[in-house]
Structures are given as structure tokens and as C-alpha cells.
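Following: one structure in C-alpha cells, then a few remarks.
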Amino acid sequence: MPRARYQKRGGQTGWMEVTAMIATNIVETISATRLKANLIQSLLSFSFDFGGLLTGTLLVLYFDVVKEVPWALILFPGILSVRGAVGGFFSGHLSTGLHLGTVRASYTKNTKDFHSLLYATITLALFSGLTVGIGTSVFGVFLWNATIIDFLELLAIIIATVALSVLFVSPLTMAFSVLSFRRGLDPDIIVYPITSTLSDIINTACYIFSLNMFFETGHLGNYLIGILDLVFVSVVVYILVKNVREKKFSMMIKEFLLTLLFVTVIVNFTGSFLDKISTRLHNGTEIFVIYPALITTIGGVGSIIGSTATTKLALGIIKPSFSSIRQHLDEIGGSWIASIIMFTLYSIISSAASGTTALSGLLKFLAQLLTANILSVSAMVIVAYAVAISTYRRGLDPDNFVIPIESSLADSMMTLSLLTALTVIV
């Protein structure tokens, strides 16, 4: 049975008592109270998405440098998506592990499960970078007549970027997970939306740094990037040699690789959509400034819906059936309303920053963003919940799939929805 297998992985006892207690508490709490609590926590986590404006600003400031390299803009969503997928994998397991007790709310002396998770995250960061780099190169043969030199340069940049990202983002994810859990907040709602924003800022900075180092500093920059790549690859090889026979580590790697194939295809379509938006807007800096914030917020909605669902499934609060989504409407409603509030604020801030003062211009831009929100969130609600239910029913660990799939798909859905809204509302 799927549930039995998932329980065995958690290694917990007394789940029936825990489930009964939590189910009783939920029944005794009115829906309006739960909706308000989810809305407040969602707004708290989404408030960090304003940091995505810094990501967009970095992109705009270095836009000319990025455009000089034929594949750089197309690869940019892939950089954010694969690191978001791996980051979602890490935060999803941390959140569930903290709830189940398989991960301690401690920065030191943690469990074996935690160390297996950390090693898997580092390994998957490299695998994800290589896979997306290869995928982008294949697309590049058709899009810009990519050569073998383009392929080697692209791989060098993406490996350096994910290496730097792992160094900075993983400790932050662990810190927010432990801090939120200790403060009585739900890490399923708090952690990924916050860390994904910080991750986007850090990943963008690492990406621009790697591009500048490789293309603007001559042979010295090439050598430094090469050394960084070699060190990171060596670390991953060492991890594989030491842990390849460890059951939990191997299972996480194998199951995530299935997700990675899906992510690779999706992120390349996202890059193509972004390139079309760039062509359509010509000088649409108001879109590029808020673009990372938009995709982060939509990814946050999906992560809240998916991560809370996986925890409820693990605790036995909901049945592994899509009809149980009716018991999840508070999480869906709270996060969706919070995203609409954020999109409204983004439109105001972006319009003011771009010098749009006319009410008609502001309302048109707001209509475009809210249309994109409705289209993308509607899709993400279905995707996140369906992935959680379907993977659980098949005896797989939903945390290996839900956030990685929904986060990468959220980037594509938001980009496609934005392109649709800009096309329809002119």
C-alpha cells in the first residue's frame, strides 16, 4: 500500500494518535479562522517576494551584457527554475521531516536523514545544471545555430552558477526552516516562498557574476570558472562514491531524476516565451523588473498548496483522492488572495518606477497582471494538488516531485500567461 511505504520511510510510530488529535483540532477550528491564518502567513512569506524586484533590477542593469551572449537570456529562466526545483526538493523534505521528527530543528548534530537529504541536494544541483545546459544547447541548435563552443561555454557558466548557489542558498533554507518551526509557524507555508525569493536574487547575482567573469575578464576569468567547475564536480563525485549505496540517498536521487527530465523540457519553453516577451515589448523594463517577483509568487502559491498537501497526506489527515481538495480550500484561498494582493502592489510599484502616471496606463497594466494571475494560479492549483495525490498513491515520496514540478511549471505558466495577457490586453 502506498501509505504503508511512505510511513516506513518516515520511520514514525503512533501516527494514528497524532492523526486523530490533529483531525480533531481541525474540526474544532472554523474555516474562516483557518483561511485568515493561511492568508496572514502567505502574505508574510510573499512579502519577501519584493526582493524579486532586486532580481529584476539586476537583470535590467546587466541586460546589455546578457543580450550579447545568444543563449544567456534563454538560459536565465532555466537557471532560476532548476535551482528552484532543487531548492523546493530541499525545503519540501525539510518541512515534512520537521513535522514528522525525521529532521531535528537544530543547526548541528542533525539526523542521518538530514545528511542524506543535504548530500542529495548538492548532487542534484549539479545534475540539474548539466541537464538544463544540455537541453538548452539542443534547443539552441534550432534557435540560434549553436556550436560546440557555445555548448562548452554554456556548461561552464551553469555549473559555476549552481556551485555558487549551493554554497549560499542551502544554509539559508536550513536556517529559515529551523527558525520558522521553532517560532510555531508552518514551514510548509513559510520556507519555500521566502527562500525562493532569496534564491532568485542570489542565483541571478551568481549567474551575472559567472557571465562577467567568463566573458569580460579574459583568460584569467576562464581559468577561475574552470577551477570552480572542477572543484564542484569533484565534491559531487566524492559524495556519490560515499553514499551511492545508502538507500534513502539513492531513492531521492532516482525519483528526482524523473522530475528533472520534465523540468528540463519545461524550462527551455520558458526561455523561449521570455524571449518572445522581450521581442514584443522592446523596452518593457516595467515587466523585466517585476518578472522574477511574479514567477516567485506564483511558485510560492503552488508550493504552499503542494507542501501542505504532502504533510496532510503523510499525517493521514486527507485521503489520497483529488476530491479531498475540498478539505484544502483554506490553503488554496489564503495563498491565492495573498498573490492577488501582491500582484496589485507589483503593478503600482512597477508603474511608478517606469514613470507611468496616467490612470489608464496603470489600470491596463494591473489588468494584464491580474489576468496572468488568474490563468497561472488556476493551473497551479490543479497541478500541485494532482501531483501530490498521484505520487502518493503510487507509493512515491511526494516531496521528491511536488515542489520541483510545480515550481518549474509555475515559471512557464506565469511566463505564458503573461505573454497571453500582454497579447490580449493592448
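The values are calculated or read from the model by the stated rules, or taken from the named source; none is laboratory data. Just so you know, these numbers come straight off a predicted model, no measurement behind them. Reconstructed Cβ throughout: ideal geometry from the backbone, glycine too, with neighbour counts over all protein chains shown.
Of all the residues in the stretch 214-251, those that are more than 22 Å from residue 170 (Cα to Cα) and either buried (at least 19 other Cβ atoms within 10 Å of the Cβ) or in contact with a strand residue (DSSP E or B) (Cβ under 8 Å, 6 or more places away or on another chain) (or both) number 1. Residue count for the stretch 107-117 under the criterion of being surrounded by fewer than 19 Cβ atoms within 10 Å (Cβ to Cβ) and aliphatic (A, V, I, L, M): the result is 0.
Every listed requirement among (1) at positive phi; (2) part of a helix (DSSP H, G or I) is met by residue 366 save one, (1). Looking at this structure, is residue 148 in contact with an Asp or Glu (Cβ under 7 Å, 6 or more places away or on another chain) and either β-branched (Val, Ile, Thr) or on the phi > 0 side of the Ramachandran plot (or both)? Answer is no for this residue.
The sole residue among 35, 39, 54 that is modelled with pLDDT under 85 and in a helix (DSSP H, G or I) is 54. Looking only at residues in the stretch 180-228 that are touching a Gly at 6+ places or on another chain (Cβ under 7 Å) and among the polar types (S, T, N, Q), the one that is modelled with the highest pLDDT is 199. Regarding residue 200, is this residue over 16 Å from residue 58 (Cβ atoms), of a type in the set (D, E, K, R) and surrounded by 24 or more Cβ atoms within 10 Å (Cβ to Cβ)? So residue 200 does not fit the description; no. If you go through the stretch 409-423 and pick out every residue that is surrounded by 24 or more Cβ atoms within 10 Å (Cβ to Cβ) and either hydrophobic (A, V, I, L, M, F, W, C) or not in a helix (DSSP H, G or I) (or both), you end up with 5. Among residues of the stretch 159-178 that are outside any helix (DSSP H, G or I), none has a beta-carbon under 7 Å from a residue that is not basic (Lys, Arg) at least six positions away or on a different chain. The numbered conditions (1) in a helix (DSSP H, G or I); (2) touching a helix residue (DSSP H, G or I) at 6+ places or on another chain (Cβ under 6 Å) are all true for residue 102 except (1). The number of residues in the stretch 55-106 that are closer than 30 Å to residue 117 by Cβ and of a type in the set (Phe, Trp, Tyr) comes to 3. Of the residues in the stretch 385-397, at least one is assigned to a helix (DSSP H, G or I) and more than 23 Å from the chain's Cα centre (by Cα).
The single residue among 313, 329, 375 that is closer than 25 Å to residue 423 by Cα, assigned to a helix (DSSP H, G or I) and not basic (Lys, Arg) turns out to be 375.
Just the residues that are under 30 Å from residue 99 (Cα atoms) and among the small types (Gly, Ala, Ser), please, taken from the stretch 178-224. Selection gives 180, 184, 196, 199.
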